[in-house]
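One structure below.
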Amino acid sequence: MSSGKPTLVLRCAGKKPLRMGPGERIRIGRHASNDLVLSDDTVSRFHAAVEWDPDEDRPQIVDNDSANGVEVDGELIDARCHLPGGNQVVIGRFTIAVEVTEGAAGRRERMVAELNDSDSVVLITEKGGDRVSGRAATPAELHRVFLDLEGQQRTGTLTVRAGLGLGKVTFCQGLVMTASSGPLAGRPALRELLLAPSAIYAFSRELKPVDEPLNLSIREYLEAELAELTKKIALRPSTTEDPPTRPRG
């Protein structure tokens, strides 16, 4: 199962942990055909099931009209109950611990939601503490900086100064959330920055609210746009050429 997706884990003493993700189901009961077999007279043959609707962010446990019911965190459920994680489920004489781990996409969505509630945030616990700053002498060097930030799943703002212009690119868990360059914003701004023949850059952990995040992978963007970007770079006039030689009198 991909680590990028949320995952539910059921742990019961003496049993192998069971894992599931959105769109999947775990059956629990005394009968041998169940996914989690609890061999005891206090457990019905097909006692309950844990289901995860792919359109919901949390799974549910469903009581299949069992004889002794299902308890979640000390309360007997009516028919079904959401499991946000950290729950204790009791079925007959068995106690099942429930863990729900959040995927990368969920962490990004939560982080963006938190940012929208504030003017500016400095992330003390941002992944990857290495300082990122320097000078890119070619577009390829700047592309590598972007790719490294994505690969390290960094969160913060990359400031890029190219010529007299100033641009900013916001990353969240390695994906580009926003980009600006002069009057440009979004993809046009990102394109402008990636076309810069040379640039000075610095990365900080400061973030500002995001209204409509791009959720853009730099690697995928470059793979799709690299040929066109390379062509545009080649057509740009060089600013480092020697001035023409004046004819001698």
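Calculate log10 I(q)/I(0) of segment 57-97 for q = 0.16, 0.34, 0.35 Å⁻¹, where I(q) comes from the Debye formula with a single equal point scatterer on each Cα and nothing for solvent.
So the normalised log intensities work out to -0.34, -1.38, -1.41.
For the pair GLU206 and THR95, what calculated FRET efficiency results from E = 1/(1 + (r/R0)^6), where r is the Cβ-Cβ distance and R0 = 45 Å, to the nearest 0.05?
On the way: r = 45 Å, r/R0 = 1.00.
Calculated value: 0.50.
Tabulate in residue order the Karplus-calculated ³J(HN,Hα) for segment 168-182, using 6.51 cos²θ - 1.76 cosθ + 1.60 with θ = phi - 60°, rounded to whole Hz; enter x for Gly and Pro.
Using θ = phi - 60°, the values come out as 9, 10, 9, 10, 9, 6, x, 9, 6, 8, 9, 8, 9, 7, x Hz.
Give the relative contact order (percent, whole number) for segment 1-93; include only Cα pairs under 8 Å separated by 6+ residues. Working shown, then result.
Numbers: 186 pairs, mean separation 18.4, N = 93.
Value for segment 1-93: 20 percent.
Volume per residue, Å³, of the convex hull around the alpha-carbon atoms of segment 125-223?
Working: hull volume 8.7 nm³, N = 99.
Once divided by residue count, the hull of segment 125-223 is 88 Å³.
Amide H to amide H under 5 Å from GLU24: which residues, 5+ apart in sequence or cross-chain, H placed 1.01 Å off N in plane?
Excluding prolines and chain starts, which carry no amide H, the hits are TRP52.
Between GLU141 and ALA32, with labels modelled 7 Å along Cα→Cβ, what's the label distance in nm to one decimal, could you check?
6.9 nm
Can I get the semi-axes of segment 7-90's equivalent ellipsoid? Compute them from the C-alpha gyration tensor as square roots of 5 times the eigenvalues, in angstrom, largest first.
Working: eigenvalues 70, 44, 29 Å².
Semi-axes, largest first: 19, 15, 12 Å.
Per residue, how much accessible surface does segment 26-109 expose to a 1.4 Å probe? Answer in Å², no decimals. Walk me through the numbers on the way to the answer.
Working: 4390 Å² over 84 residues.
Heavy-atom accessible area per residue stands at 52 Å².
The values are calculated or read from the model by the stated rules, or taken from the named source; none is laboratory data. Keep in mind the model is a prediction, meaning the values are calculated, not measured. All Cβ positions, even for glycine, are placed from backbone atoms using ideal geometry, and neighbour counts span all protein chains on display. For the accessible areas, the whole protein counts, side chains as well, though only heavy atoms, and no ligand, DNA or RNA atoms are used. Shrake-Rupley method; radii C 1.70, N 1.55, O 1.52, S 1.80 Å.
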